[in-house]
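Written out below as structure tokens is the structure these notes cover.
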Amino acid sequence: MAAKLKKGDKVIVLTGKDKGQTGNIMSVDPQSNKAIVEGLNMAVRATRQSQTSQGGRIPKAMPINLSNLAIVDANGKATRVGFKMDGDKKVRFAKTTGDVI
């Protein structure tokens, strides 16, 4: 099945503590149906010091379920994603405006 949300998409959070905030997807895990959004759903994690990084309490973006995210259309509003054939290619489009993503 094709992915409706991909890395680099601008999304808005629909529910939870970060409701209404927007950010870009950094990574998607299709097996667990979750995505990590830049700067959202932050949690503080204690990490050990290593040669490459300083240890201590470091804020880290935690995964958000894909059902709680919606892509942002050209108008800046949340929209659902659909698929259509554009010539011989399958493309994603915003359901509210009909624009190809």
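The figures follow:
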{"read-out": "For residue 19: the one exception among (1) open to solvent by 50 Å² or more (accessible area, probe 1.4 Å); (2) within 12 Å of the chain's Cα centre (by Cα)", "value": "(2)"}
{"read-out": "Single match in 91, 44, 28 (criterion: exposed (fewer than 12 other Cβ atoms within 10 Å of the Cβ), β-branched (Val, Ile, Thr) and part of a strand (DSSP E or B))", "value": "44"}
{"read-out": "Pair list, Cβ under 6 Å, 6 or more apart: the stretch 1-24 residue in contact (Cβ under 8 Å) with a residue 60 or more places away in the chain, other residue polar (S, T, N, Q)", "value": "10/24; 12/22; 14/68"}
{"read-out": "Residue under evaluation residue 68, criteria (1) touching a residue at least 40 places away in the same chain (Cβ under 8 Å); (2) open to solvent by 90 Å² or more (accessible area, probe 1.4 Å); (3) not small (Gly, Ala, Ser), criterion not met", "value": "(2)"}
{"read-out": "Residue that is least open to solvent (accessible area, probe 1.4 Å) [pool: residues in the stretch 77-88 that are of a type in the set (A, V, I, L, M) and within 15 Å of the chain's Cα centre (by Cα)]", "value": "81"}
{"read-out": "Of all residues in the stretch 49-65 being of a type in the set (Val, Ile, Thr) and open to solvent by 40 Å² or more (accessible area, probe 1.4 Å), the one that is farthest from residue 30 (Cα to Cα)", "value": "52"}
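The values are calculated or read from the model by the stated rules, or taken from the named source; none is laboratory data. What you see is a predicted model, and the numbers here were worked out from it, not measured in a lab. Cβ: placed from backbone, ideal geometry, glycine included. Neighbour counts: every protein chain shown. Accessible surface areas use protein heavy atoms only, side chains included; no ligands, DNA or RNA. Shrake-Rupley method; radii C 1.70, N 1.55, O 1.52, S 1.80 Å.
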